[in-house]
1. What is the gain in length, in nm to one decimal, between residue 103 and residue 83 on full extension, counting 0.36 nm per residue of separation less the C-alpha to C-alpha distance?
2. Within the chain, which whole H helices from DSSP have a Cα span along their axis of at least 15 Å and a mean Kyte-Doolittle hydropathy of 1.0 or more, if any?
3. Go ahead and estimate [θ] at 222 nm for the chain from helices alone: -39,500 (n - 2.57) per DSSP H run with n ≥ 4, summed, over the residue count, rounded to 500.
4. Quote to one decimal, in nm, the extra length available between residue 298 and residue 311 on full extension: 0.36 nm per residue of separation minus the C-alpha distance between them.
5. Under 14 Å between alpha carbons, and skipping anything fewer than 8 positions from residue 112 in its own chain: which aspartates and glutamates qualify?
6. Take residue 269 and residue 57, extend 7 Å from each Cα along the Cα→Cβ direction, and tell me the distance between the two endpoints in nm.
7. What ranking do 264-270, 123-129 get when scored by the average of other Cβ atoms within 10 Å per residue, highest first?
8. Which percent, nearest 5, of DSSP beta bridges in the chain are antiparallel?
Amino acid sequence: MNRSIVVAAVLAAVAGGAAAQTAAQFPNKPITIVVPATPGGAIDQAARLIGQKLTAAWGQAVVIDNKAGATGVIGTEFVAKAAPDGHTLALVASSHAINPSMFKKLPYDTVKGFEPVVLTHVVPLMMVVTPSVPAKSVAEFITWGKANPGKVSFASSGNGGAPHMSGELFKSMSGVDMVHVPYKGSTAAHTDLLSGRTTLMFDTVAAINNHVKSGGVRALAVTTAKRASIAPDVPTMQEAGLKGYETSTWGGVLAPAGTPKDIVAKLNAEMNKALASPDVKDKLQGAGIEVAGGTPQQFADFIGSEIVKWKKVADAAGIQPE
């Protein structure tokens, strides 16, 4: 046999063995999960709970690194440029799929720059109105809103987030003329909503539910396909009559593009196990966060569908990328 062919075959076998050994020995150093947001939110909570389970399973430390800024772009870019060995991951939010419609140019390819690992969770949003609004249901609100053109305003936690885009989707599907009023975070938006300066808001169940319980705002619907665990009496938007309406803020784990498939599979299996554990489910659901899970391909398909959906919403709202 030709000597060069033999050498090539040996090298290929060695390379294949090294790759297999890498997957078998993974992780061989601490794992960093970058959370491209400030501490305390849903993706931060999910990352910390999953990290604890990974440490218990594999005996390696899992560091949670909060890198907030630019609607998640700063932290996500850091992971896109990291070594593709599975030891540096991102737990991104729904803004990951919205950002391509908000920015003319991102420092990474939203799809090709990453290997999807798992959809970790979904957070229902809740449509709430200030008490002076007479509507007690979504159908009543649509009727009332159309009878008061130019007088309806919806608050959000900022431009380009799921609360903002959920409002824009409602506007386009319901035909209610609404003016968007962005704030720097949910807390600032709540103040004007409670006082009646703004009419309504789409916010996470976890963030707004206490105001619902106290009577400060009235809940009309949640935005997910299923009712929220911590607000089971509030109908979904589809149950309330707006067929086809579904939004959420969600979280999921990404690895840098080029991360070996077997390492991605190992991460996926262990993270699904963590998400299925009763203590993790209870803690997340108690915070208004619904556990997800699934395969890397399912998460990849979900991201693709979200990018398409929010592009349509942005176009309908006349939002121009900056």
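The values are calculated or read from the model by the stated rules, or taken from the named source; none is laboratory data. These numbers were taken from a predicted model, which means no experiment stands behind them. All Cβ positions, even for glycine, are placed from backbone atoms using ideal geometry, and neighbour counts span all protein chains on display. Note: accessible area is taken over every heavy atom of the protein model, side chains too, but ligands, DNA and RNA are not part of it. Shrake-Rupley method; radii C 1.70, N 1.55, O 1.52, S 1.80 Å.
1. Gain on stretching residue 103 to residue 83: 4.7 nm.
2. TM-like helix candidates: 3-25.
3. -14500 deg cm²/dmol
4. 2.7 nm
5. Correct list for residue 112: 77, 301.
6. 0.9 nm
7. Output ranking for 264-270, 123-129: 123-129, 264-270.
8. Around 60 percent of the beta bridges assigned by DSSP in the chain are antiparallel ones.
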